[in-house]
Structures are given as C-alpha cells and as structure tokens.
1. Provide Rg over Rh for the stretch 117-224; use the alpha carbon set for both Rg and the Kirkwood Rh (inverse mean inverse pair distance).
2. Distance from the Cα centre of the stretch 261-281 to that of the stretch 399-428, in angstrom?
3. Tell me, in nm to one decimal, what length is gained between residue 399 and residue 262 on full extension, where the rule is 0.36 nm per residue of separation less the Cα-Cα distance?
4. Using the membrane-span-like helix rule (whole DSSP H runs, Cα extent along the own axis of at least 30 Å, mean Kyte-Doolittle hydropathy at least -0.5), which helices of the chain qualify?
5. For labels at residue 449 and residue 84 in the simple 7 Å Cα→Cβ model, what's the distance in nm?
6. Averaging over every viewing direction, what projected area does the convex hull of the Cα atoms of the stretch 352-479 cover, in nm²?
7. Per q in 0.17, 0.18 1/Å, what log10 I(q)/I(0) does a Debye calculation on the alpha-carbon atoms of the stretch 7-174 return?
8. Between residue 292 and residue 164, what is the spin-label point distance in nm, taking each point 7 Å from the Cα along the Cα→C-beta axis?
Amino acid sequence: MSNSAQIGVTGLAVMGRNLARNFARNGYTVALHNRTAARTHALVEEFGHEGDFVATETAKEFVEALERPRRLMIMVKAGEPTDAVIQEFAPLLEPGDMIIDGGNAHFEDTRRRERDLRGQGIHFVGTGVSGGEEGALNGPSIMPGGSKESYASLGPMLEKISAKAPDSSPCVTHCGPDGAGHFVKMVHNGIEYADMQLIGEAYQLLRDVAGYSPAQIADIFRTWNTGRLDSYLIEITAEVLSHVDAATGKPFVDVVQDRAEQKGTGRWTVQIALDLGVPVSGIAEAVFARSLSGHADLRAASRELAGPRAKPLGDSEAAAFADRVEQALYASKIVSYTQGFHEISAGSDQYDWDIDLGAVSAIWRGGCIIRAAFLDRIRAAYDARPDLPSLLSDETFAQEIAAAQDDWREVLVAATRQGVPAPGFSAALAYYDALRADRLPAALTQGQRDFFGAHTYRRVDREGSFHTLWGGDRSEVEA
Ligand code: NBP
C-alpha cells in the first residue's frame, strides 16, 4: 500500500466520500481515512469498484499511503475538528507536502493555519468547494487558495474532478495566496443568499400581488429559465414550486414552515463586508430576511399590526406584472453580484491576493449553486476591462438596468402599496439610486457629527479638514 496514492481524503461524510469517489472515478488512487473507521470501510464496500482506493485506519497508515509530495485533503466539519485533524497529521508530514482544507472554513482561520504550517514547509491550501453532495461527486466548482507551488501540483487534479462550464473549461482557478479561496467561497455563498432571497421575493409578489398559484409560478420560472435568468436556482425553484405534498395534496411550499435556516457563510460575508467598509446591502437583507423569518414569536405578536393586505390582480394585469417582476429580479440580481464582486475586490486589496474577478466569475458557471448563464457576461465584462470599478460601470449591464428600471420601480410601488415585503429588491434599488445620486445626505451626517462630536468635515470647494464652532459664534476653523 505504501506511497501509491496520489491524494488522500480524511473526513468521509457526504462531501468527503463523494469527493474521494470523484478523484477515484477520474483515475487517481485515493487513500481514505475517517475518525470513525466504519465510514472508511463502508465506502470501500459500497463503491470500491469505482476506482483505486487505499483504506487506512490510523493517521500513520494514511500518511504512508500517499506519494510524495503528499496531498492530504481534509473534509471534516469546519472549525475545531479541522484544527484537531491538522494537529494529528502535521507532525507526520514533511516539507513540500500539502494539506488541502475543502471544508467551509472562515478565511481568517485559513490564514492562521497557512501561517502556522508554512514554518514547517507544509503548504496549506484552503479550498472552497461548492455544489453540495451532488457537485462533490460529479464535479464541483473549486476555489483553491494557497501557494502557487501547491497549485502547480494540485491544479491539474482539481481541474480533472471539477465541473466543466458550458464552454468545457474546468470550474477551478487558483484564487490567490492563503485565505483567498475560502474568502471567494464565502462571498459566493453570500451571493447565493441574495439570489435566493430575490427569487423568494419574486415568488411572493407573483403569488400575492399577481394572484398566481405555485404551479403557475413554476411555469413562469420555467419560462424565465430559458432567458437571461437561466440558472440552477431558477431551475430548482420551478421544481420546488410545482411539487405537491403527497400527504395533503397541497402545494409543497404551503406545508413547509416559513422559517429559513442558515449555516453562517452568508453572515460572515456581511460581517467581513462591514469590516472592509463595503456596502453589500442586498446580501445583508437576505441574511436579515432569514433571521426575521425565524422570529416566530415576534411575528405572531405583530400579525395584527395595521397595513394593507394584497389584493390579487386580474388575469391581464397579472401577466404584465409578471413581466415587470422579471425585470426587477434581473436588475436586483445585477446589483447583488455587483456588491459581491466589490467585496472580493476589497478583500483582494486588503490582503494582497490579486484575485482575478473574471476568472472567479468563470468558475462559477458550472458545478456551484449560483451557476448561471449570466456569469459569462460578468466574465466578459472583467475580461474587457479588468479594472472595472463596478459591474454597473459595464456598458451592457448599465443598459440593461436602464431598460429595467421603470418596471423595477413599479414593482416596488406595488409591493409597498400592497404591503408585501421586498427588502432585497428595495435594497438593490436604493443602492443603485445612491450610486447615481449627485448629492447624498452624508453631507448632513458629517454636519451632525461635527456638531455633537467635533469630528470635522471636508468642504467641496477647498482642501483640508474643518470644524464649525457650533457652541460659539459658528465661525469655521481649519482642523
Ligand atoms: P460534516 O460537516 O457533517 O462533518 C462530518 C465529518 O467530520 C465526519 O467525517 C466526522 O468524523 C468528522 N469529524 C468531526 Br464532526 N469532528 C472531528 C474531529 N474532531 N476529528 C476528526 N474528524 C472529525 O460533513 P460534510 O457535510 O460532508 O461536510 C464536510 C465539510 O465540507 C464541512 O466543512 C462543510 O462545511 C463543507 N461543505 C459542505 C457542503 C455540503 O453541502 N454539505 C458543501 C460545501 C462544503 P466521524 O465520522 O468520525 O464523526
């Protein structure tokens, strides 16, 4: 068994097991290890015929099964388990070996682990993996960070097991050093939250304002999926909406409790955006909408508050409204990607990662949850102009938003009048209008800050910082 495996996977729950099978199906010899050995044996028993596996029970056996330099992939629960596994294996490794963490780690943890292991000559490769269980088996979108040397050794293997975009290119790119891969994965998940929230709002508007049934809305989504909104999430939304609960005969969506859960990467995206000073309001609204949905007691206590209840439109108006909702959804989606890419760009500047935004959009075209035809256009925008200040500065996107905006505004008017919450659509439009505003009330905010805290302000007509003597004669002094 010794030194024969090109890669080893430790942590063989759903993700690790499927990634290990994916490597084996692609012709690699895969060493297997799991804290509880039963999982390792179950994998070999069930799927051993799919390729070359080397089952191991101890850390020593596992490490010895790997060819040098060793490639050891960790697929355990993110957080302390990852540190525990690193502590178990690192002493057995040698300079040049690689530890690849494919879990959903916080990028700051990845930076710390990379730093700690660098001293020992071990390459720590924090790697985002998206696509869930099915993607892990048949081709995920892969976002590795870590050193260039590690990518030279690992890249070809990751390219082989990754999803392929519609133009057949592999959905993997070296995102940048240390935590870059996990940072990109985090923002991917933040964008996923925003996409799901916007789709949810479109559904609710079509249901409450237009008066369509879930089955009719499923058909509308299917039609949208043949156009510019073509994406995995729109496709599965139609599936979910057309599903009927076998026990009650009701639409499935009506028998599920309306409380959305979250694991944390969306929240991290917003927390980090706050630290970086990047306005990701659409992603934040998506995270808050999930939190709000979970406050069952608060919602029950507030249900009788005054306000309109939506009255569904007639058939002819409903169809026109649905077209408007498509425009609002598309425009809001452009804004949430704009915000997500802004965050990646800010993270890249802050940590010196030099992330190629066009390459990132290209690897999200297959395998991952946000895969969408639209990402081709984002890539084209960044390829044409790598220093694009914002996606909204791209002429094509700007024109599309210009064409959508009247409908977008009308949809929000209808939502507001009828009391249907649309925080994602509304945050996206507010962001758009704030960016295009000649003047923002931030001037007044600075005035207030100077009044109560002598925080100073800058003038539009001269350089320098100034303070007004608010408590005195209100003359201005240079600060
Ligand atoms: P889980 O996140 O449920 O983790 C289970 C695995 O962690 C098992 O192999 C378990 O070993 C191992 N483990 C734990 Br728990 N504590 C350990 C410890 N102290 N030492 C060693 N091993 C330990 O598995 P998953 O859903 O397959 O996800 C794996 C990673 O992939 C996670 O980081 C997750 O965030 C990430 N991810 C998941 C998805 C998804 O769709 N599920 C998508 C993308 C990324 P045991 O068998 O002995 O209990």
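Values quoted throughout were computed directly from the atomic coordinates according to the rules given, and no laboratory measurement underlies them. Source: prediction; values computed, not measured. Cβ coordinates were reconstructed from backbone atoms using ideal geometry, including for glycine residues, and neighbour counts include every protein chain displayed.
1. On the way: Rg = 19.0 Å, Rh = 16.2 Å.
Rg/Rh: 1.17.
2. 23
3. Values: separation 137, 0.36 × 137 = 49.32 nm, distance 3.46 nm.
The span from residue 399 to residue 262 would gain 45.9 nm if fully extended.
4. Numbers: long enough: 180-208 (42 Å, -0.08); 315-351 (54 Å, -0.35); 395-418 (34 Å, -0.38).
What comes out of the filter, once short or polar helices are dropped, is 180-208, 315-351, 395-418.
5. Modelled inter-label distance: 4.6 nm.
6. On the way: hull surface 53.2 nm².
Reported value for the Cα convex hull: 13.3 nm².
7. Treating every Cα as an identical point scatterer, log10 I(q)/I(0) equals -0.98, -1.11.
8. So the two model labels end up 4.4 nm from each other.
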